[in-house]
Every structure is written in C-alpha cells, then in structure tokens.
1. Here is a list: A:Leu50, A:Leu68. Which entry is at pLDDT 90 or above and either assigned to a loop (DSSP other than H, G, I, E, B) or in contact with a strand residue (DSSP E or B) (Cβ under 9 Å, 6 or more places away or on another chain) (or both)?
2. Return the total of residues in the stretch A:209-233 being farther than 20 Å from A:Leu25 by Cα and in contact with an Asp or Glu (Cβ under 7 Å, 6 or more places away or on another chain).
3. Please enumerate the residues belonging to the stretch A:197-248 that are hydroxyl-bearing (Ser, Thr, Tyr) and without any contact (Cβ under 8 Å) to a residue 24 or more places away in the chain.
4. Kindly indicate which of A:Leu68, A:Leu104, A:Leu115 is within 14 Å of chain B (Cβ to nearest Cβ) and open to solvent by 40 Å² or more (accessible area, probe 1.4 Å).
5. Return the residue satisfying two criteria in turn: it lies in the stretch A:150-162 and is farther than 19 Å from A:Ser96 by Cα and more than 13 Å from every other protein chain (Cβ to nearest Cβ), and of such residues it is surrounded by the most Cβ atoms within 10 Å (Cβ to Cβ).
6. Among residues belonging to the stretch A:118-149 that are open to solvent by 30 Å² or more (accessible area, probe 1.4 Å), assigned to a helix (DSSP H, G or I) and within 25 Å of A:Gln100 (Cβ to Cβ), point out the one that is farthest from the other protein chains (Cβ to nearest Cβ).
7. With a cut-off of at least 1 residues that are farther than 25 Å from B:Leu283 by Cβ, among the polar types (S, T, N, Q) and away from chain A (no Cβ under 14 Å), name the helices (runs of 4 or more DSSP H) lying wholly within the stretch B:166-263.
8. For the stretch B:151-165, enumerate the residues that are within 22 Å of the chain's Cα centre (by Cα) and part of a loop (DSSP other than H, G, I, E, B).
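The values are calculated or read from the model by the stated rules, or taken from the named source; none is laboratory data. Bear in mind the structure is a predicted one, so any value in this text is a computation, not a measurement. Every residue, glycine as well, gets a Cβ built from its backbone with ideal geometry; the counts of neighbours run over all protein chains shown. These accessible areas exclude ligands, DNA and RNA; they are computed on the full protein's heavy atoms, side chains included. Shrake-Rupley method; radii C 1.70, N 1.55, O 1.52, S 1.80 Å.
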Amino acid sequence: MTTTTSETASSNTADSPPRLEVSGLTVTFGGLTALDDVSFTVADGEIVALIGPNGAGKTTVFNAVCGLVRTRRGEVRVGGVPAPSSTTGLLGAGVSRTLQGLGLFEHLTVLENVLVPLTSVGASTSTSVDTAQEVLGALGLSALAAVPAGTLPYPERKRVALARALVTRPRLLLLDEPAGGLGATDIDQLAQTVRTVSDGGCAVLLVEHHVDFVMDVADRVVVLDFGHVIACGTPDEVRRDPAVEEAYLGVPVSAGGALGREERS
Amino acid sequence: MERLVFLLSTGLARGAVLALFALSLVIVYRAARAVNFAQAAMAIVPVYVAFAVTAASGSYWFGLASALVVGALLGAVVERWLLRLVPQDNPLPGIIVAIGLVMVLQAGLAIAFGPDHRPVHAPFSQRPFEIAGVGVLSPYDLFVLVVAAVVMGALAILFNRTTIGLQLRAAAFAPETSRLLGVRVPRMVTLGWMLSIATAALAALLLVPTGLGLDPHAADVLFVNAFAAAVIGGLDSPVGALVAGLVVGVLASLVTGYASAATAPLAVLALLTVVLLVRPHGLFAAREARTA
C-alpha cells in the first residue's frame with residue numbers, strides 16, 4: 001500500500017510523523033481516473049494549499065482524506081496512523097473540515113450550529129457552550145450567537161462554517177474554498193484567522209481558487225492537474241514553475257485573480 | 001353562558017390530548033420526513049398493555065408507565081426492523097407499509113382481546129367541579145391538562161436545552177450535514193420514533209376514559225383530528241401543534257355542544273380547508289429552506 005517516500009513532497013521535521021501524509025493516492029470513478037498517484041504531506045503548523053483547475057481533483061483529495069470516496073491505491077495517514085474512515089473516528093483523530101456548500105443548519109442559531117460537532121465528541125454541555133462562545137468570540141461572531149444562521153449575509157455564514165470546523169480544536173483542518181465569494185476585507189481577516197490557527201500548531205490543508213489569498217497565506221502549494229501533482233513547493237517556486245504556467249494556458253500565476261481555466265463553483 | 005364555560009373548559013381538556021397527539025405526529029414527521037399513518041394503531045397497542053398492567057397490579061400509574069415504555073419500544077422496533085427496510089427514495093412505499101401495519105396491529109388486537117369496547121375507568125372523578133353553579137373541568141380533565149403540560153414542557157426542554165435535542169433537531173433538518181459532523185443520524189431517527197410513539201400512547205391513554213372505552217379503533221378519530229391540527233400548525237412546528245390542538249379541541253367541543261356531535265368533524269375539516277387556503281404551509285411552518 002505504501003509508495004516510495006522519495007516522491008513524497010516532504011517537509012517533515014525531526015522524527016515526528018507529518019500530521020497528514022497522502023501517499024500514492026489513486027481514485028477512480030468508473031473509467032475516469034480522478035486522482036493518479038498523488039502524494040504530499042502537511043506538517044503540524046503548516047499551511048498547504050491545493051490548487052488546480054476545476055475537475056483537477058482537489059475536492060476528491062478532501063473526500064479521500066475523510067473516507068468519503070473509495071481509494072483504489074495509496075494511503076492516507078493522519079498523525080502517523082491510517083486515517084479513520086468514520087466521521088466520528090476522524091473527529092476523534094482531530095480532523096475537521098468545512099463543506100463546499102457551507103452546510104449550515106439554517107434554522108439553528110449560530111451558537112447551536114457551532115455546538116453540533118461538539119455533541120458528537122462527547123463534551124459536556126457547559127464546557128461545550130464555553131468552547132463555542134470562545135471560538136465565536138475569536139471570529140467576531142459573539143453578537144450573532146442567538147441569530148438563526150440562515151438569516152445571515154454570506155461572509156458571516158462563511159465565518160460560522162469556519163467556527164464550526166474550529167470548535168473541535170482540530171489538529172488537521174481542511175478548508176474547502178474558504179475565500180470563495182468573500183470581499184477583500186473579509187479575505188484579509190480570513191488570512192489572519194488561518195495564520196493564527198496554524199501558529200497554534202494545527203495543520204491546514206486548503207483548496208482554493210483565489211490565487212492572491214493562496215500565495216499570501218500558504219507555506220507550500222500543491223498544484224493538481226487532471227489528477228496529477230504537477231508541481232509542489234513554496235508559493236514562489238510554484239509561481240516560477242514552467243509546468244504550472246503551461247497548465248494554466250501560459251497565464252503567469254503571479255497575474256493574480258482566479259487561475260486560467262476556472263470558473264466559480 | 002354556563003354552557004359556553006363548560007364547553008370551553010371541556011374543549012381545552014380534549015384539546016390538550018389532541019395537542020399531545022399532534023405533537024407526536026410532528027416529532028415523527030421531523031425524524032422521518034413523513035406522516036405516520038400508523039400512529040393511531042401504534043398508540044393503541046401500549047394502551048392495551050397499560051390496561052392489562054393496571055388490571056393485574058391494581059395501579060393506574062404502573063399502567064401509565066408501561067404504556068410509555070411499550071410505546072417507545074414499539075416505535076424503535078417499527079422503525080429499525082420494518083420502516084428502515086422499506087425503500088426511502090419516495091414516500092409511497094413507507095405509507096403503504098404503514099397502512100398495512102395498521103391492519104396487522106388492529107386485527108391482532110381484535111384477535112387477542114376481542115373487538116368490543118372495554119370500559120376503562122379514569123383514575124380521577126369525571127364529575128365536573130361546580131363554580132358558582134356552573135360546571136367546569138372535572139378532576140380528570142385537570143389531571144389531563146397537567147400531564148399534557150408536563151410532557152410538553154419536558155419535550156421542549158429535551159429538544160431545546162440538551163445535547164441529544166440539538167442532535168435530534170440537526171439530524172431532522174439536515175441529515176447529510178449532520179452525518180459529516182459526526183451525528184449518528186440513524187440513531188436520532190430511532191429516538192424520534194421512540195419519543196413520538198410514547199407521546200402518542202400517552203395521549204391515547206388519556207383519551208380512552210373520556211370516550212366509549214378501549215377498542216382497537218379507539219384512537220382513530222383522535223388521529224384524524226390531531227392530523228388536522230398538526231397540518232394546521234405546520235407539521236414541522238411543535239408550537240403549531242400545541243396551539244392548533246387546543247383550537248381544534250375547543251372548536252369541536254363548541255360545535256358538538258351548540259350543533260351536534262356529527263357536525264364537529266365537518267367543522268374541523270372546514271377549519272383545515274380555510275387554513276390551507278390562506279397559508280398552505282400551515283400557521284407556524286418554518287420558513288427556512290431545508291438543506292440536504
């Protein structure tokens with residue numbers, strides 16, 4: 001099941017295993033190969049961005065990490081052990097994610113939304129409320145705690161979704177397009193939050209279309225195209241990589257804005 | 001005037017039972033996203049058990065407790081080992097299975113206990129108190145009101161103030177998202193059925209002494225009126241079920257007193273029609289979009 005570590009883009013420190021290690025991951029849907037031999041790691045406190053055109057397989061990586069799709073070959077390890085396949089197992093292993101459609105409970109209050117993941121990790125009610133309030137405070141949502149989530153404007157809803165992912169104090173945070181649909185001010189604030197989370201030792205893997213945000217916040221960037229990793233490195237290295245430029249139809253990545261062939265999903 | 005006071009107060013007591021039964025329909029609707037057409041038959045089975053336990057032990061309270069326990073068990077058994085096996089992609093198979101279940105349960109009760117009415121004694125007097133010569137609630141009516149209020153209060157606390165309640169609400173409205181956040185959705189569906197059938201059994205148990213007695217169809221009319229009340233209230237809304245249950249109870253009581261008992265169901269259906277014409281989603285329906 002394991003592949004040679006030489007092709008794994010590793011930023012491992014010392015002997016502790018990386019928080020997330022994806023090695024030789026291959027996923028097929030019928031005859032279509034969605035991911036082909038994808039390998040990368042995310043260390044504790046590191047922010048790694050997955051970029052690539054639509055259909056490149058970014059969300060499939062997330063789903064494979066979360067055990068939501070069957071992998072054909074390869075392995076996902078979290079904290080050195082094979083990733084649990086159940087949602088509760090993943091929460092127990094300190095993995096938490098945001099969903100592409102946000103998936104807020106529209107009729108529940110902001111506070112209740114943030115409390116739901118805590119109910120499944122068996123925290124006591126009073127501790128849960130304290131933890132939830134703390135996270136809401138950190139994201140500037142305290143004043144909205146009692147408001148039904150469905151009534152909020154989009155940027156606030158995105159922050160609620162982020163708060164819901166953070167409330168379990170994850171060791172590995174998966175963010176699906178956290179900057180999508182946000183304005184410049186909200187994106188700055190988001191970058192700040194993501195950095196704070198990673199400074200606290202949490203490994204962050206994010207899928208993102210917004211290149212400026214990625215280049216600003218990521219320690220390393222993994223570029224996917226048609227299910228292959230075509231480049232991996234620091235934002236600067238990736239920006240200069242000829243393969244990346246070619247994949248994006250010759251448009252220099254540093255031009256900013258959304259990458260080449262993409263549209264908003 | 002005396003008559004109006006009497007009819008209003010009796011209507012409230014009947015309405016409390018209706019509200020309780022309507023609430024049970026709302027709970028199961030939230031859990032299963034379907035109206036349970038077997039609710040009356042499933043509610044009356046535990047009442048038979050309560051009747052037998054009371055007869056054997058001499059205690060009404062043992063009977064009441066056994067109705068709650070058997071109701072919860074029956075809810076769990078029917079959900080896990082019957083309805084979960086039915087295709088879920090459209091509601092029709094579930095409805096047909098529910099109707100089949102009604103026939104099996106009611107025929108089974110008739111075979112086991114006979115189809116006749118069995119007189120059931122109330123634990124308290126049913127003679128109305130008189131205030132200034134006007135008959136109002138009987139001690140039993142008061143008991144019914146208190147029990148209904150306590151159960152509704154307990155359910156409100158369970159749903160709104162506890163961890164399990166939050167999981168029940170989350171799973172009811174967005175099962176897929178709840179699952180991704182670690183909520184054990186199938187367990188929540190089972191729990192919803194248990195709460196629902198126990199509540200329905202209690203409502204049926206409270207109703208039986210005020211009617212003709214216990215027979216396999218004793219809760220059928222209760223189901224029809226409570227279903228009307230639940231739809232009027234919005235099917236999704238516990239508050240709606242409570243308010244509409246009381247309104248339907250009082251309306252039926254007034255129409256029975258001033259016109260005739262035969263007219264009361266027509267009045268309830270007329271009210272249902274008017275509400276559905278004016279507000280098709282019911283009076284208290286949640287406006288928010290449901291997400292997957």
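1. Selected residue: A:Leu50, the only one of A:Leu50, A:Leu68 that is at pLDDT 90 or above and either assigned to a loop (DSSP other than H, G, I, E, B) or in contact with a strand residue (DSSP E or B) (Cβ under 9 Å, 6 or more places away or on another chain) (or both).
2. 3
3. Passing the criteria: only A:Thr234.
4. From the options A:Leu68, A:Leu104, A:Leu115, the qualifying one is A:Leu68.
5. A:Glu156
6. Among those that are open to solvent by 30 Å² or more (accessible area, probe 1.4 Å), assigned to a helix (DSSP H, G or I) and within 25 Å of A:Gln100 (Cβ to Cβ), it is A:Ala138.
7. Here the list reads B:185-207.
8. Result: no residue meets the conditions.
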